Amino acid sequence: MNPSSPPPPQQQLQEKEHGEDGCPIMQKKGAWWAEAATRAVASEARAQRGIALPLIGMNLTWFAKQALTTAFLGRLGDLELAAGTLGFSFANATGFAVLTGLCGAMDPICGQAHGAGNTALLRRTLLMTTAMLLAASIPIALLWLRVDAVLLHVFGQQRDIALVARRYVVCLLPDLAIASVLGPLKAYLSSQEVTLPTLFASAVGLAAHVPLTTWLSRTRGVEGVAAAVWLSDLVTAVVLAAYVFLLAKKNNGKAAEAPPCGRWWFPDPERTADWVRLLRLAVPCCLNTCLEWWCYEILVLLTGRLPDARRAVAVIAVTLNFDYLLFAAMLSLSVSASVRVSNSLGAGDAAAARRSVIVSIALSVLAGAIGGALMLASRRQWGRLYTRGAEVRDGVGRAMRVMAALEVVNFPLNVCGGIVRGTARPAVGMYAVLGGFYLVALPVGVALGFRARLGIEGLLAGFIVGAAASLAVLVVVIARMDWKTEADKARARAGVGAVADEPGSGKEEATPSGNAGEV
């Protein structure tokens, strides 16, 4: 055969199917796609780790601060300990839970605005949310001033405990204004995947809390302990505000070039639409947070109606303290998922949003398994940290066995809630919590705990069923989402025009003035 003549057709086909190294081309393409997908997933996992780890540290500082506050109340006496703990629980359920829930509206708006590069919307939302929280603090403060009447006539508490609880809560009133500033600052930074300054500020606040509580508890008693709480929160807020308004400008030149956010309070049609959007997201976010928070408060109240109520309340209190530790990781993973999904949708990257969802859920399942295993492994030692009574320790061990299974469900449940919040659908999470916890968990728990006489284990088993029902609803909603449509909605919500249907059609992506740059 002539060397210059073309190879036979069969050889040509073989050369097309194989590369120069003899490996099949389709096999090489498949290996390349697998490697690229692995790199993308690993990169997403690293990004979420970078957001979540500082947030876990920040939440643990809050737990340490609460533990220190409780310890100093205990040193003042049994009455102060009972009244201060009751007052802080009341403040959490009626005040801080509401403010935290309302602040959740910033997650989708600021996350999608950051992904779209809309700096003006980011800053405007920060100011609007702060104003909204300050306004919400007014009726909360009026309720706090009547806390003694609520505890006496609604919950039937003893008069001396109610009066001391009022002294504690009234001295905690400034913390409402501080939380109205601190919460939006944290959400503003985390929506841009900036979490290390929040951890640093929280650590500074914790460091200030120790000497403040030591000094003020000696000089002013229970009022001093409450004052130390809001003073250390003020330190944290000042540090974060300094970072946002000073260091951010110094380290990011674009921040100085970004246009002002305008008169966000002025009642023109654009600002009115911004307020309507913020409120429509804030209300379901608030209800979602409060409904879940209140459900666990109801769980504590139900244990007080079990036989041997003192032992039952002690058991559930010690068990939930371990849950609070795990909640630090749970909440951080939820915020990380919300931030990554909202940033990707705001950037118009549907594939990245879908990848963030898959990685977030996978990490939550792994974290839930680890959290449940830690609870199982610690069930005997944990009770010894709080009590010497054998009955309470044995009850804690049995309760933590059931609670470990609940943690396996709670981690993905909270992360799925963060995902739907990142898509600006907090109402879905609200309905899931309402149905799962109030229509399933509480009735099933009451039936198992009281009628089946399973006690605390029965109540917690009901919560497992309810949490699983809520998780199933959220997983179905997430699985049915059209991420391309969600990305288009996010771009429109962030003030960015729709992308042209076809390249070269003459239509370009419209970006309103003031949307360029990052903070």
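The values are calculated or read from the model by the stated rules, or taken from the named source; none is laboratory data. Predicted, not measured: the structure shown is a model, and the values here were computed from it. With ideal geometry, Cβ positions are generated from the backbone for all residues, glycine too; neighbour counts draw on all protein chains shown.
When Leu121 is tested against (1) at pLDDT 90 or above; (2) buried (at least 24 other Cβ atoms within 10 Å of the Cβ); (3) over 21 Å from the mean Cα position of the chain (by Cα), only condition (1) is not met. Is at least one residue of region 331-344 over 17 Å from the mean Cα position of the chain (by Cα), in the same structural domain as Glu407 (by TED's automatic domain parsing) and under 30 Å from Leu122 (Cα atoms)? Checked against the condition, which is being over 17 Å from the mean Cα position of the chain (by Cα), in the same structural domain as Glu407 (by TED's automatic domain parsing) and under 30 Å from Leu122 (Cα atoms), region 331-344 yields at least one hit. Taking region 350-373 as the range and being of a type in the set (A, V, I, L, M, F, W, C), crowded, with 18+ Cβ neighbours inside 10 Å and out of contact with any Lys or Arg (no Cβ under 7 Å at 6 or more places or on another chain) as the test, the residues that pass are Ala352, Ala353, Val357, Val359, Ile361, Leu363, Ala367.
So is Leu331 in a helix (DSSP H, G or I), modelled with pLDDT under 95 and over 25 Å from Arg379 (Cβ atoms) or not? Criteria not met by Leu331. Would you confirm whether any residue within region 171-179 is over 25 Å from Ala282 (Cα atoms), small (Gly, Ala, Ser) and in the same structural domain as Ala97 (by TED's automatic domain parsing)? No - not one qualifying residue is present in region 171-179.
Just one of the listed residues (Ala390, Ala468, Ala427, Ala452) is surrounded by fewer than 22 Cβ atoms within 10 Å (Cβ to Cβ), modelled with pLDDT of 95 or more and either of a type outside the set (D, E, K, R) or under 20 Å from Gly101 (Cβ atoms) (or both), namely Ala468.
Filtering region 299-324 down to residues that are among the β-branched types (Val, Ile, Thr) and out of contact with any Phe, Trp or Tyr (no Cβ under 6 Å at 6 or more places or on another chain), which residue is surrounded by the fewest Cβ atoms within 10 Å (Cβ to Cβ)?
Only one residue fits best here, namely Val300.
One residue is enough: does region 498-507 have a residue meeting the conditions surrounded by 11 or more Cβ atoms within 10 Å (Cβ to Cβ), of a type outside the set (Ser, Thr, Tyr) and either modelled with pLDDT of 90 or more or closer than 25 Å to Ser190 by Cα (or both)? Among the residues of region 498-507, not one is surrounded by 11 or more Cβ atoms within 10 Å (Cβ to Cβ), of a type outside the set (Ser, Thr, Tyr) and either modelled with pLDDT of 90 or more or closer than 25 Å to Ser190 by Cα (or both), which makes the answer no. Of the residues making up region 243-258, one or more are modelled with pLDDT of 90 or more and over 30 Å from Val164 (Cα atoms). Of all residues in region 149-162, those that are in the same structural domain as Gly87 (by TED's automatic domain parsing) and within 14 Å of Glu297 (Cβ to Cβ) have Cβ atoms under 6 Å from Cβ atoms of residues that are in a loop (DSSP other than H, G, I, E, B) and not β-branched (Val, Ile, Thr), 6 or more apart or on another chain, in Leu151/Gln157. Residue count for region 339-392 under the criterion of being in a loop (DSSP other than H, G, I, E, B) and farther than 30 Å from Gly495 by Cα: the result is 5. Can Leu73 be described as surrounded by 24 or more Cβ atoms within 10 Å (Cβ to Cβ) and farther than 30 Å from Val276 by Cβ? So Leu73 passes the test.
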